[in-house]
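Take a look at the structure set out below.
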Amino acid sequence: MKYICIQMVVSMMMILLLSSPVLGADEDAYENDNSYDQARKIIINLETPQLHSFHEPADQDWIKFYGFKAKTYAIKAVNTGTCDLYLELYDADNMSKSIKVQDNPLDPLADEILSTGNILQHDGIYYVKISEAGSFSENCSYELTAYIPEGASPGDISGVVTDAVTGNPIGDALIVTDQLRSDLSHPDNGKYQLENHPPDSFTLTARHGDYVIEKDNYLSCVFSDNLPDNGMKEINIGMIPLDLSGAVLVLQIISGAHPNHLVSWQQDINGDRQIGLAEAIYIMRNVAQLP
Ligand SMILES: [Ca+2]
Ligand SMILES: [Ca+2]
Ligand SMILES: [Ca+2]
């Protein structure tokens, strides 16, 4: 009896399966996702694309992600069929109108990349609606990815910080750049390293002193330079001490008695791109503790 019951259940399941409506072959795995509240998440920076299609004229595909303010995201739809892809970005805070539309005006079959640029006004959920512009195409499929576009490859900036008078390494010199990278030079050898520094132009500042009472021991230096893509930049820094030896060094440089190739103009304090009387007077005032 038991055996017969099981057999009947199996037979009924077979009948149900065979009589179920067959899903359209081109309906993608993310259906139903025809409105924002049915949107599927997309994983940022995942290389494997989501495979989507438009299986009927009314099909819309919605995805969502959590975006950070001022961060740039790219939503890329690669056209693997024959439809005109149309992308719209929505902010969950106001779904009445899209905040950006992406649709190549020249080529209906173009891949579309919607970049958020700097339009994300706050941290939060953002939606992207992908639909077909124009009339329905039978063969409509596309591959979808979302990623944070990275610029050119970072590089490294490194060097040694020394005392321009004695040539001895200086430890604990503070090296910072306007790209928000920093290091303190090594006490033993004066070396500093800024790893994975963003490429292109940067401004590096070196200073040394008592960081608690904000008293400088050396003239601070400012270097502006360009870091090539994936490149390396060596910047060795000879710092001029804010004491009599530094004042004498500057006077020697002015008189030509000291090669100034070790001391770059980046330490100038009055912006004339050279080490001169202004710097000597500045140091002397410092030594004499004059305002
Ligand atoms: Ca779809
Ligand atoms: Ca859909
Ligand atoms: Ca298009």
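Read the figures in this text as sums done on the coordinates, not as results from a lab. Just so we're clear, the structure is a prediction, and the values are computed from it rather than from any experiment. Cβ: placed from backbone, ideal geometry, glycine included. Neighbour counts: every protein chain shown.
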Surpassing 26 Å at the alpha-carbon level, of the pairs K76/K233; K76/K97; K71/K191; K191/K215; K69/K129; K69/K215, are K76/K233; K71/K191; K69/K215
Over its Cα atoms, what ratio of radius of gyration to 2.2 N^0.38 Å does the stretch 101-216 give?
1.86
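Under the definition of Cα pairs under 8 Å and six or more residues apart, what whole-number percent is the relative contact order of the chain?
Taking the mean separation of contacting Cα pairs over the length of the chain, I get 14 percent.
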Using modelled amide H (1.01 Å from N, peptide plane; none on Pro or chain starts), what sits under 5 Å from the amide H of K233, excluding residues fewer than 5 places away?
D156, I157, S158
Cα axis of helix 277-287 to longest principal axis of the chain: angle in degrees, 0 to 90, nearest 10?
80
Size descriptor, Kirkwood hydrodynamic radius, that averages inverse alpha-carbon separations across the chain, Å:
24.7
Relative to the compact-globule estimate 2.2 N^0.38 Å (N residues), the Cα gyration radius of the stretch 155-287 stands at a ratio of 1.04
Report, in degrees rounded to the nearest 10, the 0 to 90 angle that the Cα long axis of helix 2-19 makes with the longest principal axis of the chain.
80
Calculated FRET efficiency for the pair N34/D103, C-beta based, R₀ 22 Å, to 0.05
0.70
Checking rank on 50-60, 155-165, with mean other Cβ inside 10 Å and highest first, the result is 155-165, 50-60
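Rounded to the nearest 500, what is the chain's calculated 222 nm mean residue ellipticity when only DSSP H runs of at least 4 contribute -39500 (n - 2.57) each, over all residues?
Calculated mean residue ellipticity at 222 nm is -4500 deg cm²/dmol.
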D26/D111 FRET efficiency (R0 22 Å; Cβ-Cβ; nearest 0.05)
0.70
Once label points are set 7 Å from the Cα along Cα→Cβ at both Q289 and D243, what is their separation, rounded to one decimal in nm?
1.5
